[in-house]
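Trainee: Below you will find the structure I want to go over with you.
Rule-based calculations on the coordinates, nothing more; no lab input. Computed from a prediction, not measured in an experiment: that's the story for all the values here. Cβ placement follows ideal geometry from the backbone for every residue including glycine, while neighbour counts extend to all protein chains displayed.
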Amino acid sequence: MLNIAALIVFFVLLFALIYVFGEYIAWIYQEETNSKSELPKKLNLFKKLDRPFKLIEEKIFSFLNIKPDKEMNWKQYLFSLLIFNGILFVFLFLVFKFQNILPLNPLNLEGMSWDQAFHTASTFVSNTNQQHYGGENLSYFSQLFAVGLAMFLSAGTGLALAPAFTRGIQNQEDSRLGNFYVNLIKGLIRFLLPISFVIGVILISQGSPQWFGGEIVVNTIEGVKQAIRVGPVAGIEAIKTLGTNGGGFFAANAAHPFENPTILSNLVLNLIMLASPMAIIYAFGIWMGKRRHGVILIGALFVIFLGLFWVTAAGEMQPNRAVTMAEKNLNITVDQSAGNMEGKETRFGSLLSSLWAISTTSTTNGAVNSMHNSYSPQGLMGPFLAMAMNCLYNGIGVGLLNLMTYIFICVFIAGLMIGRAPQYLGKQIEWREVKIAALIILLLPVLVLFPTSIAVITEAGKEAIHNPGFTGFSEVLYEMFSAGANNGSGMEGLMDNTVFYNLLNGGAILMGRYLPIFGQLLIAGNLSKKKIRPETEGTLKVENLSFLVLFVGVMIIIGGLIFMPALAVGPIAEMLSGGM
């Protein structure tokens, strides 16, 4: 009962935070989206922030020669995004490759190999943050001016896409989607930087370090001297969670006591991890003048989220089968009342670890506070399915676009069922939009299943697998999900820092990030040129329970079942065979 009460409190706080973040983000981009909703009077304090923010933004616009009034069509918006991210990629590659000759490297850490630098630059520029290195192997310069900078800019890039896509639905025969650089800078200055500062202060109060003193040498209780690496951990951890990044300052990620010291810090980070991408969906409803529609969308995804959380929590609250067998064979007794605690921090336990695991895979965050390789087969099904659907609060900004991709398929199916032309928020959804949406959805299976098959039939792929049978296959499949779905979390156990996996995953990460963006901006461009049709009695209502049920069904059938054959060879087979 105590666990249930704690979860209820957690989710109440979550929805309160979604409301505040959502209203705030909607206010940030109210001019860029032609917002049709007024800010509630009780939140008018946001308006007091407008003047100081505008002064900072105007200075940046002037310095960078950005003209806020110059709007872009979808091609110009995409081109600006790709140029900006391309320059960032080259910068990151050079920093990771040559960090040994750059300043702020007191431990004289070596630079990365070219293939590892390619993979690491790919993963951070794309907001994926899949790590084929231990976080302690980066210098302070790399952590601050590569990892930290990329975490802000990649999250800002995703955030800048949400108002542009909204304009595509709002506009009537007007191809202008706004200015990419204006949306990027507004998101950075008004949301990512100030909220990260607040989170960083909270983490410092809980014990996360924020300094540049290199290593601390301490005497352990055994009398042995031990060097402990510290650095600007709190700042990196804040944007890592808020921006759905996930890359850890330490190899243990959020299981490390410096990154995530207490239960309070764990709950705060988990709340922020979920609230930031969910708030964009709520803000979309505000921009469209349909707050209730935003709530319906969040509710539909939340139903699936709770189902996946139940699957994982139920699996991890059970005793570890391997320990149970050892008890019988060795005639010993082990207290497993806390469930499967292998690979989990005792300060979090099985329940909070399971909640984090589903949160990080459903938001493409990728941070971990426990070892997913130690989860039971049933417990692993939740994270696998969360990545497979690729539309559950799926990243800050881009999550809205991925969600819209499924909505267009849902609207098309609904149109076929009732015998009317598919229409969404006044815009007719035609075969062009449906075809692009279908291709985007089919991209993930291509980026996951093909590389998985290559990895398990080639020597270069198989030599990295050190666990036998179903577990080894699950590790490879999870690795490809992590890359193709831009998640970044790792099941671990796979020796993935090789030329084969660095190049294969790096390529999948870039395609998984930018090909959907290309298709989604193309859809926005097509919609922006159409007329807005008034609603009639026959128009599909998007603010009622029937739409929620249909939408949930479409996501489960399309997003989940497409990967069932692959999952049947991995965690499902291990579960049926009686594995741990």
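Trainee: How are the Cα pair distances of the range 297-577 distributed, in percent, across 10 Å bins from 0?
Mentor: Histogramming the range 297-577 at 10 Å steps yields 6, 27, 31, 20, 10, 4, 1, 0 percent.
Trainee: Does anyone have the angle between helix 291-316 and the longest principal axis of the chain? Alpha-carbon axes, 0 to 90°, nearest 10?
Mentor: 20
Trainee: To continue, here is another question. With everything on Cα atoms, drop me the angle between helix 2-28 and the longest principal axis of the chain, reported from 0 to 90° to the nearest 10.
Mentor: 40
Trainee: For the chain, with the dipole built from +1 on Lys and Arg beta-carbon atoms and -1 on Asp and Glu ones, taken about the Cα centre, which of TYR501, ASN219, ILE56 lies farthest toward the positive end?
Mentor: It is ILE56.
Trainee: Under a point spin-label approximation (7 Å from Cα along Cα-to-Cβ), what is the VAL9-MET417 distance to one decimal in nm?
Mentor: So the two model labels end up 4.0 nm from each other.
Trainee: Still on this structure, I have one more. What are the ³J(HN,Hα) couplings of the range 353-368, residue after residue, when phi is run through the Karplus curve with 6.51, -1.76, 1.60 and θ = phi - 60°? Round to Hz, x for glycine and proline.
Mentor: 5, 5, 4, 5, 4, 6, 4, 6, 8, 7, 10, 6, 6, x, 5, 10
Trainee: Explain nothing, just compute: Karplus ³J(HN,Hα) = 6.51 cos²θ - 1.76 cosθ + 1.60, θ = phi - 60°, for every residue of the range 266-283 in order, whole Hz, x for Gly and Pro.
Mentor: Ordered by residue, 3J(HN,Hα) equals 4, 5, 4, 5, 5, 4, 5, 4, 7, 5, 5, x, 5, 5, 5, 5, 5, 4 Hz.
Trainee: Determine the gain in length on full extension of the stretch GLN318-LYS541; use 0.36 nm per residue of separation and subtract their C-alpha separation, reporting nm with one decimal. Present the calculation step by step, with values, prior to reporting the outcome.
Mentor: Working: separation 223, 0.36 × 223 = 80.28 nm, distance 4.25 nm.
The span from GLN318 to LYS541 would gain 76.0 nm if fully extended.
Trainee: Also: For the pair ALA16 and TYR133, what calculated FRET efficiency results from E = 1/(1 + (r/R0)^6), where r is the Cβ-Cβ distance and R0 = 45 Å, to the nearest 0.05?
Mentor: Rounded to the nearest 0.05, the efficiency is 0.75.
Trainee: Now for a separate question. Need the list of aspartates and glutamates near LYS225 for cross-linking: C-alpha distance under 20 angstrom, and skip anything on the same chain fewer than eight residues off.
Mentor: Reachable aspartates and glutamates: GLU136, GLU215.
Trainee: Kindly provide the GluC sites (Glu not before Pro) of the range 439-540 that DSSP labels as loop, not H, G, I, E or B, and whose Cβ sees at most 10 other Cβ atoms within 10 Å.
Mentor: Filter output for the range 439-540: GLU537.
Trainee: For the range 326-357, state which trypsin sites (Lys or Arg not before Pro) are in a DSSP loop and have at most 15 other beta carbons lying within 10 Å of their beta carbon. Mind dumping the intermediate values first?
Mentor: Details: sites: LYS328, LYS344, ARG347; in loops: ARG347.
Within the range 326-357, the qualifying trypsin sites (Lys or Arg not before Pro) (loop, at most 15 other Cβ atoms within 10 Å) are ARG347.
Trainee: Another question about this same structure. Of LYS67/LYS529; LYS67/LYS427; LYS59/LYS240; LYS54/LYS186, which ones are farther than 19 Å apart at the Cα?
Mentor: LYS67/LYS529; LYS67/LYS427; LYS59/LYS240, as the Cα separations exceed 19 Å there.
Trainee: Would you mind calculating the relative contact order of the chain from Cα pairs under 8 angstrom and at least 6 residues apart, reporting the percent as a whole number?
Mentor: 19
Trainee: Could you give the size of the charge dipole of the range 297-577 about its Cα centre, using +1 on the Cβ of each K and R and -1 on the Cβ of each D and E, expressed in debye and rounded to the nearest 20?
Mentor: Charge dipole of the range 297-577: 1140 debye, to the nearest 20.
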